[in-house]
Structures are given as C-alpha cells and as structure tokens.
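Computed from the coordinates by the stated procedures, all read-outs in this text should not be read as laboratory data. As the structure is a computational prediction, the values presented were derived from the model and not from experiment. Cβ coordinates were reconstructed from backbone atoms using ideal geometry, including for glycine residues, and neighbour counts include every protein chain displayed.
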Amino acid sequence: MHPIILAIESSCDETSASVIRNGKVLNNIIASQAVHQKYGGVVPELASRAHQQNIVMVVKEAMEKSGVMKTDLDAVGFTRGPGLIGSLLVGVSFAKGLALGLGIPLVEVNHMQAHVLAHFIEEPTPAFPFLCLTVSGGHTQIVMVKDHLEMEVIGQTQDDAVGEAFDKAAKIMEMPYPGGPLIDRYARQGNPHAFPFPGTSMPGLDFSFSGIKTAFLYFIRDEKKKNPAFVSEKLYDICASLQHTLVSMLLSKLEQASNLTGIRQIAIAGGVSANSELRQSLQSLAQKKSWNIFIPAFEYCTDNAAMIAMAAHYKFLKKDFSTLDVTPLARMPV
Ligand code: KG4
Ligand code: ZN
C-alpha cells in the first residue's frame, strides 16, 4: 500500500495543505494570517474568516504542485484539535466535504502529536523511545514518544504556554503579534545577564510561565516610570535576558526528564523550537550530556500541514479512520 493523502491544518492562524505519498511529503503550502498583527494576539473570529477565504486556494495549490489528481487520493487528513473551534471547523468541514465527494476515508489528527511527528518528515529521524519538548503558542509539554502514535505527556505547563510568555512580553513592549520571533531577533544583540528575571520552579517535570509574565509586566511598568524611554534604550538587553530565562526554564526540565527516564534521544518541536537560543543551548547541553538531538527544519517547527500529513500517513496504515460526523475539539489530550 502506497497511500496518497491530502492533509489540512487550520487549528490557529495558518491555513495549510500538504500532499504526502507513501510517507514522503510532496509539498507544504502555508497561508499565514497577517490580520492579527495589530491586535497583539490571534482574534478567533478573524482567524475563522481568513481560513474560509484561504482554504480553497491553499488546497488547490498543494494539489497542483504535487501533480496528484483528486481521484488518486486515498484519504483526507485534517487537524481535529486542539485549537480554536471556529478555525478548526473550517478545516474539518472542508475535509469532510472532500472525503464525502471523493468517497475516500477521513483521518483525524491530533495537532500536538503531529508537532512531534514533524521529526519524521526528513532524515535523520529519531529512534524510539525519545523525549520531545513541544513548545508552541498554546502548549509546553515534555512528551515520551514510544512509537509513532504512542505518546505520553510526562511534564507540562500548569498555566501559560512558553510561546504565550514570549508573545505577551512582546505585547507589553508594544511589539506586533507574534512577538516571539522579534524577541529572538533583538536578543541576539543583547546581554542575557543584564536583567535577572526570576524563573518559576515547579515540582517534577511541570512548568509555569504566568509568574514571569507578571514579573515582567511590573518590571517594565516600574522602569518606565523612572525612564519613559527604558524599553527602546534597553530593548536588546531586555529581550536577551527574558529569552535566556525562558530557555533556561525549558532546558532545565528537559535535562531532568532525561535524567529521570534515562532517555538520551532528545527532540524539540512546535513554534518556539524555531528560537535560536533554544537551538544553540540545546546543542551545547547535548554535547555535555551525550544526547542525540533532533531539531526540525524551520518550516516544520511552526504550524504546517506537512506534519498533519505525516501523522495521517501513520494512522492510515493502521486504518484508523474517522466517521463523517466527527467534530473538532478545542482540547484534545495527546
Ligand atoms: O506551533 P505554532 O506555530 O502555533 C501554535 O500551535 O501555537 O507556535 C507559535 C508560537 C508563537 O507563540 C510564536 O511567538 C512562537 O511560536 N515562536 C517563537 C519563535 N518563532 C515562533 N518564539 C520564540 N522564538 C522564535 N524564533
Ligand atoms: Zn502548533
């Protein structure tokens, strides 16, 4: 069996489609939504409307570039959750319509599992079991990956996601959304030890990022009272110090997870895994701890349909299909 699957991602603010043939991703078409920039975060209603506008064009492009005919498709994969309900509904409904029209199966995909499976799009791929730190705008998890579709969350945030901490800090500094990549860029020119922000320590392998967000809010407010130009004058140092604290919090738990489980195959996934300090510090830590590390290409770190296609491929092989009455889920455990 060499399945050909069209996969659709619409959980947040990227509308994406990808065609996969026999486990090889043929393309990954992504339409990002610039409409949210000025609001400091994703506006769900605007996201749903933008998905609605983009989805036909994105799917058409993925099909045309793959050279695959609609009638050659064996299944349609889609993100069922977790995500914004209105956004998910667009992808789910589109996938249902297509599967019904073509008389082929539907394959639902868990977005968080798909972030982990992004590691199987290109070589080298990790061997099982491995640990994956999945860090995005909505999630912060350490996942023990036992097989392609067998995963266990062994640590996670008890409040905000780390991507949210990046984005909210950026918003406090009046940067456009998403602020994570901007903080990363400015941090490169700053001193990571200029401002010692206190990281929150949680028991076990769990994380908490709401404390640092609040501490950051008060810090900026107080410094601006003394000097209204504080943020613009010290921008690089502020970004470098904040980023250093967030990355250290992530890596110290990852190190703890590896020590506890004895697993030294370590992967990172999700939008925040595009962060350059996280990538560099992970590489240094890996040398120290003799870890074998896996970092996906940038294009497969943030939301994309190629990872959904990869997950759909493994589920298709197991004939794990959904019925046409499937509904999206805002929350969906791994
Ligand atoms: O996985 P993703 O595209 O969407 C979600 O499922 O949330 O992740 C988006 C998150 C945003 O919070 C964004 O600010 C963050 O990833 N992000 C970054 C970087 N690139 C994206 N955070 C820090 N540094 C980056 N280079
Ligand atoms: Zn994501």
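Pairs of Lys residues in the range 69-225 are counted when their Cα atoms are under 29 angstrom apart and they lie 8 or more places apart or on different chains; the count is 9.
3J(HN,Hα) couplings calculated from phi for the range 211-225 with the Karplus curve 6.51 cos²θ - 1.76 cosθ + 1.60 (θ = phi - 60°) are, in sequence order, x, 5, 5, 5, 4, 5, 4, 5, 4, 5, 4, 5, 5, 5, 5 Hz; Gly and Pro show x. Fully extending the segment from THR71 to MET57, taken as 0.36 nm per residue of separation minus the present Cα-Cα distance, adds 3.2 nm.
Once backbone amide H atoms are built at 1.01 Å from N, PHE294 has ILE266, ALA267, ILE268 as its partners under 5 Å, excluding neighbours fewer than 5 places away on the same chain.
The equivalent ellipsoid of the range 145-200 has semi-axes of 29, 14, 13 Å, largest first, where each one is the square root of 5 times an eigenvalue of the Cα gyration tensor. In order along the range 97-103, the Karplus-derived 3J(HN,Hα) couplings, from 6.51 cos²θ - 1.76 cosθ + 1.60 at θ = phi - 60°, round to x, 5, 5, 5, x, 8, x Hz, and Gly and Pro are given as x.
With the convex hull drawn around the C-alpha atoms of the range 126-295, the volume per residue stands at 101 Å³. Taking the number of Cβ atoms within 10 Å of each Cβ as an exposure proxy, the fewest-first ranking of ARG21, ARG185 is ARG185, ARG21.
Phi angles across the range 123-133 convert, under the Karplus curve 6.51 cos²θ - 1.76 cosθ + 1.60 with θ = phi - 60°, into 3J(HN,Hα) values of 6, x, 9, x, 8, 7, x, 9, 9, 10, 8 Hz, Gly and Pro given as x.
Could you estimate the translational diffusion coefficient of the chain from the Stokes-Einstein equation, with Rh from the Kirkwood formula over C-alpha pairs, at 25 °C and 0.890 mPa s, in whole µm²/s?
Rounded to a whole number, D works out at 120 µm²/s.
Relative to the dominant Cα principal axis of the chain, helix 162-172 is inclined by about 60°.
In terms of other Cβ atoms within 10 Å, LEU100, LEU251, LEU246 run from fewest to most in the order LEU100, LEU251, LEU246. Summing charges over all other residues whose Cβ lies under 10 Å from the Cβ of ALA194, with Lys and Arg as +1 and Asp and Glu as -1, gives 0. Using the Cβ-Cβ distance between LYS288 and LYS146 with R0 set to 35 Å, the FRET efficiency works out to roughly 0.85. In a DSSP loop and with at most 12 other Cβ atoms within 10 Å, the trypsin sites (Lys or Arg not before Pro) in the range 298-334 are LYS318, LYS319, ARG331.
If you take all other residues with their beta carbon under 12 Å from the beta carbon of ASN54, and give Lys and Arg +1 and Asp and Glu -1, the sum is -2.
Modelled label positions at GLN280 and LEU324, each set 7 Å beyond Cα in the direction of Cβ, lie 5.5 nm from each other.
For a straight C-alpha distance cut-off of 15 angstrom, the aspartates and glutamates reachable from LYS38 (same-chain residues fewer than eight places away being disregarded) are ASP13, ASP167, GLU174. Across all Cα pairs in the range 1-105, the calculated P(r) in 5 Å bins from zero up to the longest distance comes to 2, 14, 24, 24, 17, 10, 5, 2, 1, 0 percent per bin.
Ordering TYR218, TYR236, TYR300 from the fewest to the most neighbouring beta carbons within 10 Å gives TYR218, TYR236, TYR300. How far is helix 230-261 tilted, in degrees, relative to the longest principal axis of the Cα atoms in the chain, given as a value from 0 to 90 rounded to the nearest 10? In the chain, helix 230-261 runs at an angle near 60 degrees to the longest axis. Considering only alpha-carbon pairs that sit under 8 angstrom and 6 or more positions apart, the relative contact order computed for the chain is 25 percent.
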